[in-house]
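What follows is one structure encoded as structure tokens, with my remarks underneath.
The values are calculated or read from the model by the stated rules, or taken from the named source; none is laboratory data. On a predicted model such as this, the values are computed, not experimentally measured, just so you know. Heads up, the Cβs are rebuilt from the backbone with ideal geometry, glycines too, and the neighbour counts pull from every protein chain shown.
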Amino acid sequence: MSIRFHSKSVLYTLLTVIFLLTACDTPAATEISLPAVTATSAPTATPTLLPKRTLVICLGQEPTTLYPYGSASRNMWSVLEAIYDGPFDVRQYTVHPVILEKSPSLSDGDATIQPVMVKAGDEVVNASGGLEYLTSGSRVLPAGCYSPDCAVNWDGSSLLQMDQMSVTFKLRADINWSDGEPLTADDSVYSFQLSSDPATPVSRYTNERTASYEALDDLTVRWIGKPGYIPHRYQTHFWLPLPRHAWQHLSAADLLTAPESSQKPLGWGPYIVEEWVARDHITLRKNPSYFRASEGLPKFDTLVFRFLGEPADNNIAALLAGECDIVDQTAMLEQQLESILEMNRDKKLKAYVGQGPEWEQITFGIRPASYDDGYSGWGGDRPDFFGDVRMRQAFVYCMDRQRVIDRVTFNASSIPVGLTPPSHPYFFAEVAPLPYDPEAGMRLLDEVGWRDTDGDPATPRQAIGIPGIPDGTPLEVSYATTLATARIQTAEFLIESLKGCGIKVNLKRMETGELYAPGTSGGILFGRKFDLAQFGWESGEQLPCLQYTSNQIPTAENYWIGINIGGYNNPAFDAACQAALSARPEASDYAERQMAVQRLFAEELPAVPLYYRLKLAISRKDLCGLEMDVTARSLLWNLENIDYGENCLAQ
């Protein structure tokens with residue numbers, strides 16, 4: 001698996017669902033009995049006698065597989081953190097090597113960017129970031145160019161050079177598989193080959209932009225990208241090693257279900273899988289070959305993952321009863337956020353809360369698909385509510401988002417600004433969100449032509465003199481979202497505050513699959529058939545401005561493939577986004593470009609950021625070593641350092 005953790009397509013990144021994490025309070029004891037906890041999704045099991053030093057982590061869901069290229073999920077990676085340590089950790093948006101000697105860098109020379117000659121028919125990455133075979137008219141960035149401002153349309157005959165990146169990774173020499181075999185560079189190449197196999201169900205975004213990935217010796221791997229592909233986080237283009245010596249007799253298709261890959265995969269991390277009892281637990285034991293064993297790591301002889309189901313109250317009860325030491329974020333703890341925060345204040349448990357980078361948003365249906373053949377407010381098209389930026393601003397002024405923060409997240413989150421969370425290195429505090437100001441909102445509505453004709457805010461305003469909209473048309477829109485409790489609560493609060501400005505909003509509650517249905521099957525999001533829609537998404541490594549660029553608008557012509565579901569179209573924003581994404585981090589104007597696109601987003605408001613999604617965990621009150629980092633692959637990225645009891649008293 002690419003250590004980009006299944007580089008997802010942007011479409012599925014958009015729809016990411018966030019869950020939270022908890023943990024429990026158990027006295028240190030010489031033995032721990034593991035009794036069954038009544039839960040809707042877990043059967044009663046015979047109590048298991050555990051060794052002296054045991055850590056019990058409760059998951060909201062049971063993994064379907066432990067094969068990294070199988071069905072990826074948060075619960076799977078919670079377990080895999082025990083089996084694989086690294087190969088690097090991402091913390092606070094920075095790459096930290098674990099089984100590599102160092103993080104490669106351009107300044108040290110183990111990463112390079114060199115001009116190469118390209119010709120017609122070569123596969124390159126074009127100026128928009130897409131793959132194409134070079135031909136006359138191809139728009140590309142010539143060597144030394146990192147901005148759309150210097151892109152060229154190749155004439156098909158002139159000599160053309162493009163930049164190509166090469167990155168060299170050096171493994172530590174002291175890493176062994178848990179069966180004692182040395183871990184080598186070829187194991188990473190084997191992983192790249194598996195992830196490139198058509199039978200392996202993962203995104204191949206990075207694979208497709210790779211010109212070569214080869215082992216130079218037992219400990220050295222070199223990645224070379226295709227011309228024009230100069231990733232910012234090139235340090236992550238190292239594939240998670242997989243054991244060729246143990247799995248080479250199996251095909252890529254076989255590995256999806258083979259017991260040795262899906263149930264008891266070999267690793268080099270702190271623990272080894274000992275047993276997996278379906279619908280109950282996975283038990284792991286300390287790995288004697290772990291390369292950090294001399295440091296006294298991991299802290300426990302045995303690690304148990306229990307499956308108590310998603311209901312938060314089951315998991316909290318198990319924590320308080322001493323049957324869990326940690327409750328993983330796959331349990332739906334956000335449903336009990338208020339009580340968890342209270343118990344944290346009362347020191348009954350420890351709560352770990354992180355914001356983002358995912359956020360909840362309302363997207364404006366700026367340009368519905370029905371406008372694609374021309375807009376006519378007189379001919380049956382929905383009124384053009386949101387084409388005028390003043391209308392989008394008015395709606396935001398009339399939305400009491402702080403009430404949502406107070407009542408839905410209990411002040412544990414905040415209103416997003418720009419396109420990055422506060423912990424991001426390119427978060428700009430000067431890009432401030434519009435405040436809740438109904439008076440300002442109503443002034444803008446009057447200015448556009450939506451008038452309060454009867455002086456009663458309980459009735460919707462009407463259109464008076466707005467070009468393309470018949471006079472008397474009521475200001476009435478729909479608001480679609482899923483059945484999730486937090487979303488319904490959010491919608492109800494915002495609908496109430498919008499009503500105070502004379503805006504009537506009709507809430508449309510939808511099943512998740514119905515809301516996110518493909519445009520080809522009539523889905524309202526990707527088919528662009530909505531007024532307002534609330535959902536969550538994650539930003540990923542780079543600024544998520546692509547979500548609002550014109551080339552991402554899903555249409556019938558592109559088979560409804562695209563993530564700009566609101567239909568926002570602004571050439572200035574397109575250019576600012578491309579400039580921000582193509583800029584090199586070491587460039588003097590890099591921060592300026594990041595700020596420019598975020599400021600434009602805050603002014604144009606193609607969507608309304610509501611609040612950062614929360615990552616939540618709880619643990620027993622005497623636990624230490626657990627560190628919440630919202631940019632990490634898993635809450636348990638630091639699993640080997642977790643401890644509890646007397647060992648934590650000095651910390």
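Descriptive notes on the structure:
- Note on region 252-272: among residues that are hydrophobic (A, V, I, L, M, F, W, C) and assigned to a helix (DSSP H, G or I), the one that is surrounded by the most Cβ atoms within 10 Å (Cβ to Cβ) is 255.
- Each residue in region 141-179 was checked for being more than 29 Å from the chain's Cα centre (by Cα) and not charged (D, E, K, R), and 21 of them qualify.
- Considering residues of region 307-366 that are polar (S, T, N, Q) and farther than 27 Å from residue 423 by Cα only, the residue surrounded by the fewest Cβ atoms within 10 Å (Cβ to Cβ): 314
- Within region 506-536, the set of residues being in contact with a Gly (Cβ under 9 Å, 6 or more places away or on another chain) and aromatic (Phe, Trp, Tyr) comprises 516, 526, 530.
- Tabulated pairs, region 558-579, first small (Gly, Ala, Ser) and surrounded by 17 or more Cβ atoms within 10 Å (Cβ to Cβ), second outside any loop (DSSP other than H, G, I, E, B) and at pLDDT 90 or above, C-beta under 6 angstrom, 6+ apart or interchain: 562/552; 566/363; 566/364; 576/596; 576/597; 576/600; 579/593
- Annotation for region 282-297: at least one member residue is buried (at least 21 other Cβ atoms within 10 Å of the Cβ) and assigned to a loop (DSSP other than H, G, I, E, B).
- Flag for residue 610 being modelled with pLDDT under 95, more than 16 Å from residue 543 (Cβ to Cβ) and surrounded by 21 or more Cβ atoms within 10 Å (Cβ to Cβ): no
- Number of positions in region 110-135 that are under 28 Å from residue 571 (Cβ atoms) and in a loop (DSSP other than H, G, I, E, B): 7
- Taking the criterion of being modelled with pLDDT under 95 and in a loop (DSSP other than H, G, I, E, B), the residues of region 627-651 that qualify are 627, 628, 629, 630, 631, 632, 633, 634, 649, 650, 651.
- The residues on offer are 310, 358, 275, and the sole one that is outside any helix (DSSP H, G or I), in contact with a Ser or Thr (Cβ under 8 Å, 6 or more places away or on another chain) and either without any contact (Cβ under 8 Å) to a residue 40 or more places away in the chain or of a type in the set (Lys, Arg) (or both) is 275.
- Among the residues making up region 581-600, a single one is of a type in the set (A, V, I, L, M), modelled with pLDDT under 90 and not in a loop (DSSP other than H, G, I, E, B): 581.
- Annotation: residue 112 fulfils all but one of (1) surrounded by fewer than 18 Cβ atoms within 10 Å (Cβ to Cβ); (2) out of contact with any Leu (no Cβ under 8 Å at 6 or more places or on another chain); (3) in the same structural domain as residue 230 (by TED's automatic domain parsing); the unmet one is (2).
- Residues that are among the hydroxyl-bearing types (Ser, Thr, Tyr) and closer than 26 Å to residue 423 by Cα within region 64-92 comprise 73, 78, listed in sequence order.
- The residue that is surrounded by the most Cβ atoms within 10 Å (Cβ to Cβ), counting only those in region 214-251 that are in contact (Cβ under 8 Å) with a residue 60 or more places away in the chain and not in a loop (DSSP other than H, G, I, E, B), is 239.
- Segments classed as strands (runs of 3 or more DSSP E), wholly inside region 473-546, with at least 3 members that are touching a residue at least 40 places away in the same chain (Cβ under 8 Å) and within 30 Å of residue 453 (Cβ to Cβ): 476-482, 532-537
- Scan of region 444-488 for residues that are of a type in the set (Gly, Ala, Ser), touching a Lys or Arg at 6+ places or on another chain (Cβ under 9 Å) and surrounded by fewer than 15 Cβ atoms within 10 Å (Cβ to Cβ), ordered by number: 458, 465
- For region 321-358, taking the residues that are hydrophobic (A, V, I, L, M, F, W, C) and in contact with an Asp or Glu (Cβ under 8 Å, 6 or more places away or on another chain), the one that is modelled with the highest pLDDT is identified as 349.
- Residues (part of a loop (DSSP other than H, G, I, E, B) and buried (at least 17 other Cβ atoms within 10 Å of the Cβ)) located in region 152-171: 154
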